[in-house]
1. I'd like the Karplus ³J(HN,Hα) series for the stretch 37-45: coefficients 6.51, -1.76, 1.60, θ = phi - 60°, whole numbers in Hz, and an x wherever there's a Gly or Pro.
2. Per residue, how big is the convex hull of the chain when only Cα atoms are used? Give it in Å³.
3. Using a 1.4 Å probe over the heavy atoms of the protein chains, calculate the carbon and sulfur portion of the accessible area of the chain as a whole percent.
4. Once amide H atoms are built 1.01 Å from N in the peptide plane, which residues 5 or more positions from R113, or in another chain, come under 5 Å H to H?
5. Could you tell me which residue out of V125, L40, A137 lies farthest along the dipole of the chain toward its positive end? Charges go on the beta carbon: Lys and Arg +1, Asp and Glu -1, centred on the Cα centre.
6. With θ set to phi - 60° and the Karplus curve 6.51 cos²θ - 1.76 cosθ + 1.60, what are the ³J(HN,Hα) couplings of the stretch 114-122 in order, to the nearest whole Hz, using x for Gly and Pro?
7. With a cap of 10 neighbouring Cβ atoms within 10 Å, and only residues DSSP puts in a loop, list the trypsin sites (Lys or Arg not before Pro) found in the stretch 83-164.
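The values are calculated or read from the model by the stated rules, or taken from the named source; none is laboratory data. Source: prediction; values computed, not measured. We place every Cβ from the backbone using ideal geometry, glycine too, and count neighbours over all the protein chains shown. Areas reflect the complete protein model, heavy atoms only, side chains present, ligands, DNA and RNA absent. Shrake-Rupley method; radii C 1.70, N 1.55, O 1.52, S 1.80 Å.
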Amino acid sequence: METAEKATAVLRAGGPADAVFVTDLARTAFSDYGEYDRVLPRWLGTRGVATVVAEEGGAPAGFAMRGMRTGLHLGRADAELLAVAVAARARRRGIGRALVREVIAIAERWRVRGVRLHTADTNLVAQRLFAGEGFLAEASRRGFYPNGQGAVAMRRAVERRRRARR
């Protein structure tokens, strides 16, 4: 069996300058589900949305977006993993896992209760990745995506980090 080479990706904050990359990768990764290539770039740099970009050899290789819905929760809110995608040339080298872990770390710093996400019910690779990072399936959602596909709703609790006493 062939083993995939593990890449060393550099993670950085994403923003409006990443719009072309996000558009192109969203078109490739999510076009079966809806027009996410039009939606996701608009969220770059938006208040309440944190974008992480993985670079490999100085070129963008993947991204993840984490959002907050203000005003919908009492107390500490849950964050939402809005999207995670890795370019085909960079898959199976740990970049997706690194992006998910960074989103969880951001959620911990923002002191939320947990991270929620939806993934296609047919995307078993993503479901295994998320389960490996502590996400549990909570529900099935028929017709969740704009193009009619079903989804699995998943959630992971986030540990509260205590602030150091001064």
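1. 5, 8, 7, 4, x, 5, 7, 4, x
2. Values: hull volume 24.6 nm³, N = 166.
That works out to 148 Å³ per residue.
3. On the way: 5020 of 10180 Å².
With neighbouring chains kept in place, the figure for the chain is 49 percent.
4. It is A77, D78, A79, by chain and number.
5. Selected residue: A137.
6. Result, rounded to whole Hz: x, 10, 10, 7, 10, 9, 4, 5, 8.
7. On the way: sites: R89, R91, R92, R93, R97, R101, R109, R111, R113, R116, R128, R141, R142, R155, R156, R160, R161, R162, R163; in loops: R91, R92, R93, R111, R113, R142, R160, R161, R162, R163.
Answer in residue order: R142, R161, R162, R163.
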